[in-house]
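Since every read-out is calculated from the coordinates, none of them should be taken as a lab result. Quick caveat, the model's predicted, so the values are computed rather than measured. Cβ placement follows ideal geometry from the backbone for every residue including glycine, while neighbour counts extend to all protein chains displayed.
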Amino acid sequence: IMRNGVLDQHTGGQNGVKIIQIAPMGRNHMMGQTEMTLAALIGSRICHDLISPIGAINNGLELLSLTAPSEGPELDLIADSVTNASARIRFFRVAFGAASDQEIGSSELQTILGDYAAGSKLAINYNIDAAHTRREIRLVLLAILCLENALAYGGAIDVSKDGDNWSIVGKAAKLNVDAALWSRLRATGGADEIAPAQVQFALLPLAAAEIGRAVGYDTDAETVTVTL
């Protein structure tokens, strides 16, 4: 018998009814494997469906420049916006989309990271030659998004790997580190009280746990380091 969302358990009563009591599920267990997989598929679908029309806009701008050459702040603004949108979608498709054991080459990843950081106050240095699976690279990109949150005033992010261990280091003269937010990297709970711009802090430990990795971080006056 359900009472306020809880089943009571005892045996007996006038009709000899057996009643089973089940404790209510905690909020930290709401994000199961199925839910996370579904969220990743939604992310992939959104990025996949947006990249084509954005590419079409870019092609249209190129054709326009050939048929009616013109310069002006309006076209420059459109071109810059399309380039930025395309770069962010390619980045987000790997960070938030469905992951697999398919590999991403170093040159492709450097292009994604370079385009993502272009025009911003952030520099991302990735000098690893080997290809890696999308599952691993997803963790790296989520870590970069976490560091971008701390480097709100600009800075540099260096990605390196020693054996199986990743190190993603953010450096800046001025950091903005929210201790409560960063503490989520050591947990695998739900996304309670997380703003949309901070979702990477909830997703990173969950995605790491999927492939048997733990997330660590350390910070000082001018450096924040995420280890995977």
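Say a paramagnetic label sat at a point 7 Å from the Cα of residue 156, along Cα to Cβ; which residues of the stretch 203-227 have their backbone N under 14 Å from it?
223-224
Computed FRET efficiency, Cβ-Cβ of residue 218 and residue 120, R0 25 Å: what is it to the nearest 0.05? Write down the numbers at each step before the final one.
Numbers: r = 25 Å, r/R0 = 0.98.
Calculated value: 0.55.
Give me the base-10 log of I(q)/I(0) for the stretch 64-141 at each q in 0.25 Å⁻¹, Debye formula, one uniform scatterer per Cα, rounded to two decimals.
Normalising to I(0) and taking log10 leaves -1.18.
Counting only DSSP beta bridges with both residues in the stretch 112-228, tell me the antiparallel percent, nearest 5. Mind dumping the intermediate values first?
Values: 16 of 21 bridges.
Percent antiparallel among DSSP bridges in the stretch 112-228 is about 75.
Measure off 7 Å from each Cα along the Cα-to-Cβ vector at residue 58 and residue 108, then give the distance between these two points in nanometres to one decimal.
My value for the distance between the label points is 1.5 nm.
What length, rounded to one decimal in nm, is gained on full extension from residue 45 through to residue 66, with 0.36 nm per residue of separation minus their alpha-carbon distance?
Numbers: separation 21, 0.36 × 21 = 7.56 nm, distance 3.29 nm.
My answer for the length gained is 4.3 nm.
With the contact rule set at Cα under 8 Å and sequence spacing of 6 or more, what percent relative contact order holds for the stretch 82-228?
Numbers: 230 pairs, mean separation 31.0, N = 147.
The value is 21 percent.
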